[in-house]
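The values are calculated or read from the model by the stated rules, or taken from the named source; none is laboratory data. On a predicted model such as this, the values are computed, not experimentally measured, just so you know. Cβ placement follows ideal geometry from the backbone for every residue including glycine, while neighbour counts extend to all protein chains displayed. In case anyone asks, the SASA skips ligands and DNA or RNA and just uses the protein heavy atoms, side chains included. Shrake-Rupley method; radii C 1.70, N 1.55, O 1.52, S 1.80 Å.
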Amino acid sequence: MSFWIIVIITLIYLAILFGIAYFFEELAKRGKHIINSAFIYAISLTVYCTAWTYYGSVGNAVTDGISFLSIYLGPTLSMPLWWIIVRKMIRICHNLRVSTLADFFAARFEQSWLVSVLVTIICLAGIIPYISIQLKSIVGSINILSDQDILIADNSFFLNDTAFYLSIILAFFIIVFAFRHIDSMEKHNGLIGAIAFESIFKLVAFLLVGVFATYVAFDGFGDLFSKAQNVEKYAVEFSAEWPFMIFLSMNAIILLPRQFHVAVAENHDETHLKQASWLFPIYLLAINLFVIPIAIAGELSLDGSIDPDTYVLALPLFFDQQILAVVSYIGGFSAAIGMMLISTIALSTMLSQNVVIPLFIRKSDSAISLKQTMYIKRVSVFAILLLAYLFYKIVAEQFSIVSIGLISFAAVSQFSPALFGTLYWSDFNKNAIVGGLVVGFLIWGYTLVIPTLIQVGLISQSLIVDGPFGIGWLNPYALFGSDIENHIVHGTLWSMLFNISTILVMVVFGQQSDKERFLADYYLNPFTYGTKYSERLVWKGTVVYQDLISVSNKLLGQQRVSQAVNFYHTHYEAPLKKSGEVNSQFINYMERLLSGAIGSTSARMLIASIAKSELIVLDDLVEILKQKRETAMLNEKLKAKSKELELKSTQLEIANNRLKNLDQEKDEFISTVNHELRTPLTTIKALCEIIYDHDDMEDEERKSFLETVINESERMTRLINQVLDLEKLESGKVLLQMETISYAKFLDQVLFPYEKQCEEKGIKFFKNFTKDEIIIYVDKDKLTEVIVNLVSNAINHTDNGYIEVSVRLEKNQVITSVKDTGKGILPAYLDQIFDKFFQIKKNENQKPSGSGLGLSITKKQVMLHGGKIWANSQIDQGSVFSFSLPSTKTSDE
Amino acid sequence: MNLTDQEKKILIVDDEPNILLSLEFLLKKNGYDVFIARNGHEALKIADEERPNIMILDIMMPDVDGYEVCQKVKTSELTKDTKVIFLSAKTKPEDIEKGYAIGADLYLTKPFSTRKLMKEVSLLTPTS
């Protein structure tokens, strides 16, 4: 086919692209946003599939089998994460009016110019060769199609070079459609429309070639595979390189400047991510469907001398399908040119907004005009395409699409630790991102770029054989003596390792300013802030109204500025003074407006340059944040205090209840004592009055009355003594006079009078203990009272039968029991008999003899000795009262 | 004292035998027909049977206490005319108020004056 026919066809196709772009642009102007659809968004993401995919996949399949798929697996696997990560990036970029990768990172570190320049340099170094290689693929495809070698074989003067003209045409296309608007935040509807068209075209073209190869040239998949000579190389066989390729492509799909541009900067609606997450993988699947059939068909049909990278074009030509060949050529052209377009836009935006314009602002004393900005942007476009062309001219000849592509991937992968740090790590600081990027970038360059220069012959071969200056462990292909055959894996591994390590060290030893901490909080939780709040990402400083307006007028034009000021007037609450210092909200508003034109880093610089005093950025927000933290801390403290108080209050309540109970007990005790004292007193008084008033009483009667008076007086005395005893015991005022005694001897003495009493009453008395066996340590008087009380109670309640006092040893306890054969006690009363004033009446007509305090006193006395007292009883068979005392030792020991 | 047998009936209720002893002696000396009860149950039973003119009632007794006895006596058709004198060791104002509130004619505290008691008893005894 004639070279010139191909040129004309190419130009026609470019004209169609221009037309489409123009059409979409006009449509958008009339308010019909066709571009604003999830489908177009998903399709525009396939700018990922470049000439590498279009030509390189088949070539890769022929040489390495199935491994070509790995770089599509990464993006597919990462799609579910997009809703989490990319949505966050979109939200941040939208709210902060950020449109480039460099601004995205820089904005988290107070619009750091250093960060934005660093990111731009890495992108330029990583991507320009990638653009060159697309240029090479276009030229290569024209060569094959025209069956000539005139285009690149000789070092022809550039004016005769197709690639040069192609670069110029692209530059114009970009300037017309991408940089027509001053505001880079505005979406490029025409451009994205053209990209979508190209993306569909490259897929259709590739599928047509695939269908032709499979069903026309051969007889379907079965036929192809049966004829293939070494089909086993297409078997799915995972190698150690796969994880690396998947990792690199996962990073590339979002961190390549062109991918960031279409996925984040050109996104109209976050929900488009949902459709994209399945549409995009389907596209990837479709475009890879016929890679292996084309590879096999090419191997079977074509001469072995033909480069497998060109099978997609060579195959239709071999079968003399001229039209299919042209379609295939345009498909490949589309793939290459789509990548070149978006990459150049993204890179030139970064170059101008993050490097050149800030430099300009610094040099030119705040004055930058609209004309100058546009000029800088245009020059950037030309500069980048020219650099790409030069790279192509000088070195690209030597490399395959795949190898350059992967080196690019490795370059942008240096951003991935920074991306995670930026989005998910609150302690991530500026030193960490700068350190990580510099170290990662240097190692990337040393292990992946320097060796390629050897291939070209710019550097001596000895570097990769013996290492620099003969130092083996610095060999860029075998760093630290590592033995990794695949240079991409080797370079990726070491650069990432150093990148991440540097970040970790810097985060540990680095410091964050308050402002950085606030921005970190914003980057970590952009969804909680909302648009209103992000508008508050303001700076407080003294900027004079006239200065701000004059700077803005220069950059945006008087008309736009006055429109914006009017809009501010009507839509914002804060009043606007048209002279003197302006409020921070207005500065922020204008900064956002300027960001659109020159990027956020440049806009920040521009405003900083006209600020009267040092600007204090975000001060009030830092304050708010601090307050928020303090409030949270206070809340925590309050919660703890309130819990403590609650606990104290329950403790108090318990104590209070106990006191109340004690109080009530005391009241009851006093009231009972009152009653118990008044009763004998009543009798005494009444009887005395009777005797006094009745002289005529019989002697017998008088004597009997007087006897009662005496008895009742004794009863009263006893009661008073016992009450006092009990009070002493209860208040702990009793001091025991402890001494060591022989228990048996002591018991004999105490019990002696009661043996006699029993004899008189006609009941038996048994003593059941061995002489001199037990030594105890007790207060003799108190213990005497205990025994006397128990024994006399037993005798009082027993009319016939016997009393038995026994002693036994049980686990270091001396247990003394007093058994009687009296009436017994109802089981229900057994617990109460030791309570104060608890009395069981012998019968209905008889007042009990005791005061009702005896057993409670006994109980207290036993307890004072460290013992216990209890009772067992059976009605009509008698009771056993037992008490324990701690034994000290037996006399045997 | 010209009292008929019917008008001289008096019931003394206490769980303390020595108090019963002195009351019985005093009342008999003054010509009353004395009935004795040692608890609330007994008191109610005798009150129903004998319908005494006056009842001298202790309060702190096991089972049925004096307040309850008084209430039952005063609300029963049979015994509603019986005059009730509380004779109690309970000396707190609220105890005394409670006694009058449930219908007592007199509340005396222990220890009591025999002279005063006899005077009050004679005042409460209906004259023919």
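A few notes on this one:
- The protein assembly as shown: antiparallel DSSP beta bridges as a percent of all, rounded to 5: 60
- With all pairs of separate Cα atoms included, the protein assembly as shown yields a Kirkwood hydrodynamic radius of 39.4 Å.
- Protection proxy ranking, highest mean first, for peptides A:485-494, A:14-23, A:339-348: A:339-348, A:485-494, A:14-23, where packing is the per-residue count of other beta-carbon atoms within 10 Å, averaged.
- Gap separating the Cα centres of the stretch B:48-113 and the stretch A:57-97, nearest whole Å: 101
- Karplus-based coupling profile of the stretch A:644-657, in residue order and whole Hz: 4, 4, 4, 4, 4, 5, 5, 4, 4, 4, 4, 4, 4, 4, with θ = phi - 60° in 6.51 cos²θ - 1.76 cosθ + 1.60 and x standing for Gly or Pro.
- Debye intensity ratio in log₁₀ form over the Cα atoms of the stretch A:729-816, taken at each q of 0.12 Å⁻¹: -0.42
- Neighbouring Cβ atoms from other chains, within 10 Å of the Cβ of residues in A:686-695, number 5 on average.
- Highest to lowest packing among A:384-393, A:713-722, scored as the average C-beta count within 10 Å: A:384-393, A:713-722
- Rounded, prolate or oblate (a/c below 1.5 giving rounded, otherwise prolate when a/b exceeds b/c) for chain B by Cα gyration tensor: rounded
- Amide H contacts of residue A:803 (H built 1.01 Å from N, in plane; Pro and chain starts excluded): A:764, A:765, A:766 sit under 5 Å, all sequence-distant by 5 or more or on other chains.
- Placing pseudo-labels 7 Å out from each Cα toward the beta carbon at residue A:737 and residue A:759 gives an inter-label distance of 3.0 nm.
- Calculated FRET efficiency, residue A:664 to residue A:699, Cβ-Cβ distance, R0 = 56 Å: about 0.65 to the nearest 0.05.
- Vicinal HN-Hα couplings computed from phi for the stretch A:95-111 (Karplus, 6.51 cos²θ - 1.76 cosθ + 1.60; Hz; Gly/Pro x): 5, 8, 6, 10, 10, 10, 4, 5, 5, 4, 6, 5, 4, 6, 10, 6, 6
- Net charge, residue A:171 excluded, C-beta distance under 13 Å - Lys, Arg +1, Asp, Glu -1: +2
- Annotation: aspartates and glutamates with alpha-carbon distance below 18 angstrom to residue A:639 (same-chain offsets under eight excluded): A:630.
- Counting, for every residue in A:674-685, the Cβ atoms of other protein chains within 10 Å of its Cβ and taking the mean gives 6.
- For residues of B:103-114, the mean tally of beta carbons on other chains within 10 Å: 3
- The spacing between the stretch A:499-523 and the stretch A:294-309, judged by their C-alpha centroids, is 53 Å.
- By accessible area, using a 1.4 Å probe on protein heavy atoms only, the protein assembly as shown has 57% of its surface on carbon and sulfur.
- In the stretch B:19-36, burial by the other protein chains removes 40 Å² or more of accessible area from B:21, B:22, B:25, B:29, compared with the chain on its own (1.4 Å probe, ligands and nucleic acids ignored).
- At a probe radius of 1.4 angstrom, the accessible area of chain A per residue rounds to 46 square angstrom.
- Backbone geometry of the stretch A:252-262 corresponds, through the Karplus equation with coefficients 6.51, -1.76 and 1.60 at θ = phi - 60°, to 3J(HN,Hα) couplings of 4, 5, 10, 9, 4, x, 5, 6, 4, 5, 6 Hz, x marking Gly and Pro.
- Above-threshold pairs, the threshold being 23 Å between Cα atoms, out of A:728/A:761; A:187/A:393; A:764/A:819: A:728/A:761; A:187/A:393
- Positive-end extreme of charge dipole, the protein assembly as shown - chosen from A:408, B:91, A:645 (charges on Cβ): A:408
- Working from label points 7 Å from Cα in the Cα-to-Cβ sense, the residue A:650 to residue A:455 distance is 7.5 nm.
- Here's the picture: charge each Lys and Arg Cβ at +1 and each Asp and Glu Cβ at -1 in chain A, and of A:373, A:61, A:116 the one pushed furthest to the positive end of that dipole is A:373.
- Subset of A:733/A:780; A:660/A:859; A:703/B:45; A:767/A:868; A:859/B:90 violating a 27 Å alpha-carbon distance limit: A:703/B:45; A:859/B:90
- Cβ-derived FRET efficiency at R0 56 Å, residue A:643 paired with residue B:49, nearest 0.05: 0.25
- Here's the list of aspartates and glutamates a cross-link from residue A:860 could span, going by alpha-carbon distance under 12 Å and ignoring same-chain residues fewer than 8 apart: A:725, A:727, A:730, A:785, A:835.
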